[in-house]
Every structure is written in structure tokens, then in C-alpha cells.
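Comments concern the structure below.
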Amino acid sequence: MVLKGTELKLHNALALAEQGLAVIRTGGGRLDLTELRQVDSSAVAVMITWQREALTLQRSLEFVGVSTGLQSLIQLYGLTEFFSIVAANSERH
């Protein structure tokens, strides 16, 4: 599922969190973040929420198209190993 919108910041974090949770709860295991151009630390918090929900439901979750800025935040917080991040053009096997 491709997230709608070009930013994930504090002002819209709750709405996008709910959007992703709905996908995970209906069996989706891949969230496409390719369209996100502007992020802040709220984006990392939302990703943690999604990952925790997937783990609770015993499902795997992949994040596609994570920007370099968001990847830098993930690395800054020491969460690189917590997420499965794949390139935007990778096919699911």
C-alpha cells in the first residue's frame, strides 16, 4: 500500500498511523513510503507503531521506498535492525 501524502510530520502522524494500521490489520505486509518527501521524528514513531502492530499480529512487515532522510533518522535512533527496509524497485518474493 502506498501511503497518501508527501509528508509525515507531527500534524498528520495520527492519520497516517491509522492508515497503515488498517492495512496491517487486513493482512498487508508492505507499506510504500516512496511518496514521502518531508519527514520528522514523528515518522519514526509511526513506523515503530506499525512494526509493533505487525509483531503483535505475528506478521512480517516491509517498508518500501524509505527516503535517505528517513533512513538517517532511523539510524540516528539505532533502529536500523528493527525495520525491514527494501528498495522501491524490489519485487516481493
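The values are calculated or read from the model by the stated rules, or taken from the named source; none is laboratory data. Every value quoted in this text rests on a predicted model; they were computed, and no experiment measured them. Here Cβ is always computed from backbone atoms with ideal geometry, including for glycine, and neighbour counts include all displayed protein chains.
In table form, for the structure just shown:
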read-out: Single residue of the range 78-93 satisfying the filter (part of a loop (DSSP other than H, G, I, E, B) and surrounded by fewer than 13 Cβ atoms within 10 Å (Cβ to Cβ)) that is modelled with the highest pLDDT; value: Gly78
read-out: Residue in the range 25-56 that is surrounded by the fewest Cβ atoms within 10 Å (Cβ to Cβ), counting only those that are β-branched (Val, Ile, Thr) and under 11 Å from the mean Cα position of the chain (by Cα); value: Thr34
read-out: Enumeration of residues in the range 58-71 that are on the phi < 0 side of the Ramachandran plot and surrounded by 12 or more Cβ atoms within 10 Å (Cβ to Cβ); value: Arg59, Leu61, Glu62, Phe63, Val64, Val66, Ser67, Gly69, Leu70, Gln71
read-out: Residue in the range 39-61 that is in contact with a Ser or Thr (Cβ under 7 Å, 6 or more places away or on another chain) and modelled with pLDDT under 95 present; value: no
read-out: Top-ranked residue in the range 3-17 [being in contact with a Ser or Thr (Cβ under 8 Å, 6 or more places away or on another chain) and surrounded by 12 or more Cβ atoms within 10 Å (Cβ to Cβ); ranked as farthest from Met47 (Cα to Cα)]; value: Lys9
read-out: Close pairs from the range 57-70: first within 11 Å of Gly29 (Cα to Cα), partner part of a loop (DSSP other than H, G, I, E, B) and of a type in the set (Phe, Trp, Tyr), Cβ under 9 Å, at least 6 apart; value: Leu61/Phe83; Glu62/Phe83; Phe63/Phe83
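Yes/no matrix, rows are residues, columns are (1) more than 17 Å from Ser84 (Cβ to Cβ); (2) outside any helix (DSSP H, G or I):
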site: Leu14; (1), (2): yes, no
site: Ala17; (1), (2): yes, no
site: Leu31; (1), (2): no, yes
site: Glu35; (1), (2): yes, yes
site: Ser42; (1), (2): yes, no
